[in-house]
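So the structure is just underneath, and the comments pick up after that.
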Amino acid sequence: MATTCRANAALLTQSTMGRKFVVGGNWKMNGTKAQINEILGFLKAGPLNADTEVVIGVPAIYLDYVKSNAPANVEVAAQNAYKAEKGAFTGETSPLMLKDIGVNWVILGHSERRQIFGESDELIAEKVAFALSNGLKVIACIGETLEERDAGKSEEVVFRQTQAIANQIKDWSNVVLAYEPVWAIGTGKTATPQQAQEVHQSLRQWISKNISPEVANAVRIQYGGSVTGANAKELGSQADIDGFLVGGASLKPEFVSIVNARQ
Ligand SMILES: O=C[C@H](O)COP(=O)(O)O
């Protein structure tokens, strides 16, 4: 048993080598200044594992405030950005505006953007390309709905969504993929570590074949969908899970233990 555990740990170290664990907190449309101050309070208190990259996705109106008040070991992300520098796009935010206030990350293609706001694979891919070309780092979300999973189409869907991005970009070094099965988002139904690992592994194999082995080895793939302090350690111990994108629990002090899941 001890030998098997050591062998698994060695395999995990080998397969994740060079991929820094990255945990995102997606606040979605939540937060008041008072609540944000509480969140920043527990992030400052941490302690946050220095080997984990932490990025919080903040509503646009609070980006500047959070950027000015977040601890130095926490990066700040927008939850959306448009594919143009400036112009007549009422209600949108440009990657250049984000850079202007010192925000270096953006979350794109979240399933809520896809489903509620009708964003297509192509639009998301264009936004990813435009954000990257303007110096942002991108968390690009992919994932299947329950109907698609029940129809056995999980892989087909995530491959299609990733292909759309691959059609628009060449350099993946500033991209983190977030696999978020839609049926697990905000439902309390987490994918089991095995279910998540299975999709992450086949996605990495698909990337190796269709993009390149180098990208497959280097690109970080987060899991998202009802991640909590209670399930993060087991999920985070899977060889192809390189971090999390956390919704509800990122608003709570348990986010600290999610960040520290790989310690
Ligand atoms: O971006 C985060 C995901 O939508 C997960 O949300 P959740 O942790 O509340 O299920």
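The values are calculated or read from the model by the stated rules, or taken from the named source; none is laboratory data. Note that this is a predicted model, so its numbers are computed, not measured. Every residue, glycine as well, gets a Cβ built from its backbone with ideal geometry; the counts of neighbours run over all protein chains shown. Areas reflect the complete protein model, heavy atoms only, side chains present, ligands, DNA and RNA absent. Shrake-Rupley method; radii C 1.70, N 1.55, O 1.52, S 1.80 Å.
From ALA34, ALA72, ALA78, ALA45, grab the single residue that is under 20 Å from ASN104 (Cα atoms) and surrounded by fewer than 17 Cβ atoms within 10 Å (Cβ to Cβ).
On the way: ALA34 fails: under 20 Å from ASN104 (Cα atoms); ALA78 fails: surrounded by fewer than 17 Cβ atoms within 10 Å (Cβ to Cβ); ALA45 fails: under 20 Å from ASN104 (Cα atoms).
When all the criteria are applied, what remains is ALA72.
Does THR162 count as farther than 30 Å from PRO95 by Cα and not acidic (Asp, Glu)? Explain how you work it out, then say what you get.
Values: farther than 30 Å from PRO95 by Cα: no; not acidic (Asp, Glu): yes.
No: the conditions fail for THR162.
Name the single residue, out of those in region 48-60 being part of a loop (DSSP other than H, G, I, E, B) and either open to solvent by 30 Å² or more (accessible area, probe 1.4 Å) or more than 16 Å from the ligand (Cβ to nearest atom) (or both), that is nearest to GLY247 (Cα to Cα).
In this case the residue turns out to be LEU48.
Output the residue which, of all residues in region 204-255 that are over 15 Å from the mean Cα position of the chain (by Cα) and open to solvent by less than 10 Å² (accessible area, probe 1.4 Å), is nearest to GLY143 (Cα to Cα).
ILE207
So which pairs qualify, if the first residue must be in region 76-90 and closer than 20 Å to LYS28 by Cα, the second must be open to solvent by 20 Å² or more (accessible area, probe 1.4 Å) and hydroxyl-bearing (Ser, Thr, Tyr), the Cβ gap must be under 7 Å, and the two must be at least 6 apart or on different chains?
So the pair list comes out as ALA78/THR93; ASN80/THR93; ALA81/THR93; TYR82/THR93.
Where the second residue is among the basic types (Lys, Arg) and the first is open to solvent by 10 Å² or more (accessible area, probe 1.4 Å) and lies in region 125-136, which pairs have Cβ atoms under 9 Å and are six or more apart or on separate chains?
From residues that are open to solvent by 10 Å² or more (accessible area, probe 1.4 Å), the pairs are GLU126/LYS83; ALA129/LYS83; PHE130/LYS83; ASN134/LYS99; GLY135/LYS99.
How many residues are within 16 Å of the ligand (Cβ to nearest atom) and either surrounded by fewer than 21 Cβ atoms within 10 Å (Cβ to Cβ) or part of a loop (DSSP other than H, G, I, E, B) (or both) when one looks only at region 188-201? Please lay out each step first, then the result.
At the first step, the residues of region 188-201 found to be within 16 Å of the ligand (Cβ to nearest atom) are 188-193, 195-196, 199-200.
Okay, now just the ones that are also either surrounded by fewer than 21 Cβ atoms within 10 Å (Cβ to Cβ) or part of a loop (DSSP other than H, G, I, E, B) (or both), so 188-193, 195.
Here the count works out to 7.
Quick one: would you say ARG204 is away from the ligand (no atom under 16 Å from the Cβ), basic (Lys, Arg) and in a loop (DSSP other than H, G, I, E, B)? Lay out the reasoning, then the answer.
Working: away from the ligand (no atom under 16 Å from the Cβ): yes; basic (Lys, Arg): yes; in a loop (DSSP other than H, G, I, E, B): no.
No; evaluated as a whole, the condition is false for this residue.
Going residue by residue through region 164-187, is there one that turns out to be hydrophobic (A, V, I, L, M, F, W, C), assigned to a strand (DSSP E or B) and either open to solvent by 70 Å² or more (accessible area, probe 1.4 Å) or within 11 Å of the ligand (Cβ to nearest atom) (or both)? Working first, answer last.
Here is the first cut: in region 164-187, the ones hydrophobic (A, V, I, L, M, F, W, C) are 164-166, 169, 172, 175-178, 182-185.
Within this subset, residues satisfying the condition of being assigned to a strand (DSSP E or B) are 175-178.
The next check asks that each one be either open to solvent by 70 Å² or more (accessible area, probe 1.4 Å) or within 11 Å of the ligand (Cβ to nearest atom) (or both); those that pass are 178.
Checking region 164-187: at least one residue is hydrophobic (A, V, I, L, M, F, W, C), assigned to a strand (DSSP E or B) and either open to solvent by 70 Å² or more (accessible area, probe 1.4 Å) or within 11 Å of the ligand (Cβ to nearest atom) (or both).
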